[in-house]
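One structure below.
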Amino acid sequence: MKNAVSKQCLLGLLIASSLCSAAISAASLPWMNLSLRPDKRAHLLEAHLTQAQKFRLIRSDYGSTYHGHGMPHGALGSAGYVPGIPSLKVPALQETDAGMGVAKPHPGGEGATSLPSGLASAASWDPKVEFDGGAMIGAEAHAKGFDVLLAGGVDLLREPRNGRNFEYAGEDPLLAGTMVAQAVRGIQSQHVISTVKHYAINDQETGRTTISSELNQAAMRESDLLAFHIVVTEGHPGAVMCSYNRVNGTYACENKLLLDQILKQDWGFRGFVMSDWGGTHSATKAAMAGLDQESAAADFDKQVYFGKPLRAAVADGAVPQSRIDDMVHRILRSMFAVGVFDHPPHKQPIAFATDRQVAQKTEEAGAVLLRNRNGLLPLSVNLHHIVLIGTHADKGVLSGGGSSTVRPSGGNVVQDGRPAQWPGPPMYLPSSPLAAFRRLAPKINVQYDSGANLVTAARAAAKADVAIVFVHQWMAESFDRASLELPNNQNALVEAVAAANPRTIVVLENGGPIAMPWLHKVDAVLEAWYPGAGGGPAIARLLFGMANPSGHLPLSWPVSLSQLPRPKLPAAGYGNKAPPPTTVDYNIEGPDVGYRWYQKRRLNPLFPFGFGLSYTHFAYTHFYAHVHGSGTNMRVVVDFDIRNTGKRSGEAVPQIYGTPPNGDTTRRLVAWTKLSLAPGQNRYVHLVVATRSLAHYDALAHRWQLNSGKYKLEVAHNAMQADAQTALSLSASTPLL
Ligand code: BGC
């Protein structure tokens, strides 16, 4: 009898899943055989699933309470939940945000450890830092019962006012893609599926659910999509989250070119595509375009498209059953590939002190020293009196807002922030710079002034040997900044302090470039980004020289908005009720994002992409480039010597830029490394050049093409300062995907 039932289950004849499950649980579960490949395991399991079970896998519920309804049974109080099938040993999908750490559940609970912002991690230019950070947040997610992290933000920084830039990795596709791929690998090393998001061209928040990003296909492939391509092929994320916006008129989550053609066919992505929360707009169109899972369908979409409407579409032949099976296969395959079946998450204690160290190291590697006049930094521990001013530096450090915000144990250390509701309140993590200064330099009298009163702040600054002003710019999901200006009269605060004490340092806690009208009046500026759970000690150690700054900007820092491709950003700003524009024209700069735009327009940014000072200096010499092999086997390599010419140990970030032969084109980052050198030390460096960054995409022929001709290669400190250059003749080839 048991066998007969099993057989009917296998044939899909018996839909009563409880009967099937009972029969099968008695039999062996061949998909639990670890020696089989993920695809095989998924296929074995699929054969046992009923249509109802399949349809349950392809949509998630919001994993928390929402608009009056309770938490779904079995959910953990976070972003998404798909119930498991215990009889078949299918674990539930427990999904939580995001790239900096485990964002929910809150309030209450033990909290989680927040990395610094995505921009800070990217500014480390150190893939290992990304991997370690990913592994840390992946392990915390796993220990809290989650098996999906909605992480891997890699939308390119085309718009410095974008409220979510802090979640991403800057403006360059090679840097952003390479770094985020490692974050994804780190997360997934803990048997937690990571997404890469938000696919694609989701480069501003204003009008994000309706706006159409206009960008021609070649430009898209050479810029934003290249970053995603690198993450997909090097990081192997289990899932891709399609974005809210439209791309050339079609919603990203029902865009066949993006999902089916480019992601799945051209790049060979074998995982699943999940929609952003509220990003599904249809059943047939989305399913046939390549969407595999509708997220938080009942709460965020107009209707549960991947429920009744999709079933009806299958019944009337508009969507073949094979598409449903493919969706299911992709979801299960990722679960097997990442180890969700074999290492399902379960609650465990978390080593918060160790994890905070990971966050601190990330900040130490990613903070960027933008200015250091008169050798003011590093500070001596033998000073008598320092004053820290502003941004609650006595209590903690700021985070970015929205779904990615991580709540630390004990909660927000600054209670009265505005807006009080989502995407607020601004979260201050309990990592006090003041406490860290006092701990690291116990002989110095370190005082704090809130900065609320300019006169008092200036008086405090005048009495100190050195004044350190902390300024902040809170940015958050769901809106863009209307300008680059610091809010809350903070420019006046810096001016007042700098006028009272010439030895003034400014520490920035921000989500992207800001205007610094006072720049030439202060001696030093440290870009600390959103500094994360170890921010206080990291900032103190960097300023005292216990850590040597080695971060480099993953973005170009404009002098003013007039330098941007789109100086105006209509309807931007928190609470702006103006109707957002229906389109944003990214064809203006096309693939020339960031430093390429500045070069093309012969503009000098305030700080170029790749810029970052150190307490030592490095020189690059004996720079050579070579070609090995030809056609699809062609490899371009460069080698050079690097020397620490200063008096301190430090980490250098030599950057290789290549310029294609056509006079019309701009330089592109094609390789870099980060390495540590003692004073006077010399090291030989050998790097492989990413030739795809020098190629162009031929949209008619559907392929990448490397033109023949003389390519310029430079070894540089940043996108505008090269130490040496060489030329290399390459023959035409189509070596790339
Ligand atoms: C965000 C996603 C996030 C999701 C779930 C959306 O509003 O755009 O990045 O993962 O919510 O919280």
Check: What value does region 65-163 have for Rg/Rh, both radii from Cα atoms and Rh as Kirkwood defines it?
Finding: 1.03
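Determine the relative contact order of the chain: mean sequence separation of Cα pairs under 8 Å and six or more apart, normalised by residue count, in whole percent.
13 percent
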Next item on the list: With N denoting the number of residues in region 451-499, provide Rg(C-alpha) divided by 2.2 N^0.38 Å, to two decimal places.
Entry: 1.37
Item checked: Cut-off 13 Å between beta-carbons: net charge of the residues surrounding His686, Lys and Arg +1, Asp and Glu -1 -> 0
Next item on the list: Could you pull out every residue, at least 5 positions away or on a different chain, whose amide H is within less than 5 Å of the one on Val247? Hs are placed 1.01 Å off N in the peptide plane, and Pro or chain starts have none.
Entry: Ser213, Ala252
Notebook entry, point to check: At q = 0.09, 0.16 Å⁻¹, what is the log10 ratio I(q)/I(0) for region 40-338, with the Debye formula run over Cα points and no solvent?
Noted result: -0.39, -1.33
Check: Expressed as a rounded percentage, what relative contact order does region 390-524 have, with Cα pairs under 8 Å and six or more residues apart?
Finding: 25 percent
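Under the classification rounded if a/c is under 1.5, otherwise prolate if a/b is larger than b/c and oblate if not, where does region 591-737 fall, given a ≥ b ≥ c as square roots of the Cα gyration tensor eigenvalues? Show your work: numbers first, answer last.
Details: a/c = 2.58, a/b = 1.54, b/c = 1.67.
Oblate.
State in Å² the accessible area per residue of region 618-730; use a 1.4 Å probe, count heavy atoms of protein chains only, and round to the nearest integer.
Values: 5100 Å² over 113 residues.
Averaged over the residues of region 618-730, the accessible area is 45 Å².
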Checklist line | Principal-axis tilt of helix 352-366 within the chain, Cα atoms, nearest 10 degrees | finding: 60 degrees
Note to self: Run the Debye formula on the Cα coordinates of region 518-673, all scatterers equal and no solvent, and tell me log10 I(q)/I(0) at q = 0.15 1/Å.
What the structure shows: -1.11
Checklist line | Å² per residue, accessible surface of region 40-338 at 1.4 Å | finding: 26 Å²
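Cα gyration tensor of region 271-322, axes a ≥ b ≥ c as square roots of the eigenvalues: rounded (a/c below 1.5), prolate (a/b > b/c) or oblate?
oblate
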Notebook entry, point to check: In region 272-381, what chymotrypsin sites (Phe, Trp or Tyr not before Pro) fall in a loop by DSSP, with at most 14 other Cβ atoms inside 10 Å?
Noted result: none
Item checked: Sequence ranges 245-258, 455-468, ranked by mean other-Cβ count within 10 angstrom, highest first -> 245-258, 455-468
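Assigning unit charges at the beta carbon (Lys, Arg +1; Asp, Glu -1) and nothing else, what dipole magnitude in debye, to the nearest 20, does region 40-338 show about its Cα centre? Mind dumping the intermediate values first?
Numbers: 27 positive and 32 negative charges, 190 e Å.
The dipole of region 40-338 has a size of about 920 debye.
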Check: Any idea which of Met274, Leu377, Val240 is furthest toward the positive side of the dipole for the chain, if Lys and Arg beta-carbons carry +1 and Asp and Glu beta-carbons -1?
Finding: Leu377
Next item on the list: Compute the accessible area per residue over region 370-470, keeping the other protein chains in place, probe 1.4 Å, unit Å².
Entry: 43 Å²
Margin query: Along the charge dipole of the chain, pointing to its positive end and built from +1/-1 on Cβ of Lys, Arg, Asp and Glu, which listed residue (Leu542, Pro660, Ala458) has its Cα farthest out?
Written below: Leu542
Next item on the list: Set Lys and Arg Cβ to +1 and Asp and Glu Cβ to -1, take the dipole of the chain about its Cα centre, and tell me which of Leu669, Leu157, His142 lies farthest positive.
Entry: His142
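Classify region 655-721 as rounded, prolate or oblate, taking a ≥ b ≥ c as the square roots of the eigenvalues of its Cα gyration tensor: rounded when a/c is under 1.5, otherwise prolate if a/b is larger than b/c and oblate if not. Before the final figure, lay out the partial values.
Working: a/c = 3.18, a/b = 2.37, b/c = 1.34.
Cα axes put region 655-721 in the prolate bin.
Considering only protein heavy atoms and a 1.4 Å probe, what is the carbon-and-sulfur percentage of the accessible area of the chain? Numbers along the way, then the final one.
Values: 13850 of 26300 Å².
It is 53 percent, rounded to a whole number.
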Item checked: Dipole moment magnitude, nearest 20 debye, region 618-730 about Cα centre, only Lys, Arg, Asp, Glu C-beta charged -> 180 debye
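When the expected Rg is taken as 2.2 N^0.38 Å, what fraction or multiple of it is the alpha-carbon Rg of region 314-395? Spell out each step's value before the answer.
Values: Rg = 26.6 Å, N = 82, 2.2 N^0.38 = 11.7 Å.
Working it through for region 314-395, the quotient is 2.26.
Charges only on Cβ, +1 for Lys and Arg, -1 for Asp and Glu: so what's the dipole of the chain about the Cα centre, in debye to the nearest 20?
Dipole of the chain, to the nearest 20 debye: 520 debye.
Just to be sure I understand: if I project the alpha-carbon convex hull of the chain onto a plane and average over all orientations, what area do I get in nm²?
Numbers: hull surface 126.3 nm².
So the mean shadow area of the Cα hull is 31.6 nm².
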Item checked: Mean separation of Cα contacts under 8 Å (6+ apart) over length of region 40-338, as relative contact order % -> 17 percent
Notebook entry, point to check: Once the Cα atoms of helix 321-338 and of the chain are each reduced to a long axis, what angle between those two axes, in degrees from 0 to 90 to the nearest 10, is obtained?
Noted result: 50 degrees
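The values are calculated or read from the model by the stated rules, or taken from the named source; none is laboratory data. Here the structure is a predicted model, which is why all the values come from computation and not from measurement. All Cβ positions, glycine included, derive from the backbone under ideal geometry; neighbour counts span all protein chains shown. Just the protein is used for accessible areas: all its heavy atoms, side chains included, with ligands, DNA and RNA removed. Shrake-Rupley method; radii C 1.70, N 1.55, O 1.52, S 1.80 Å.
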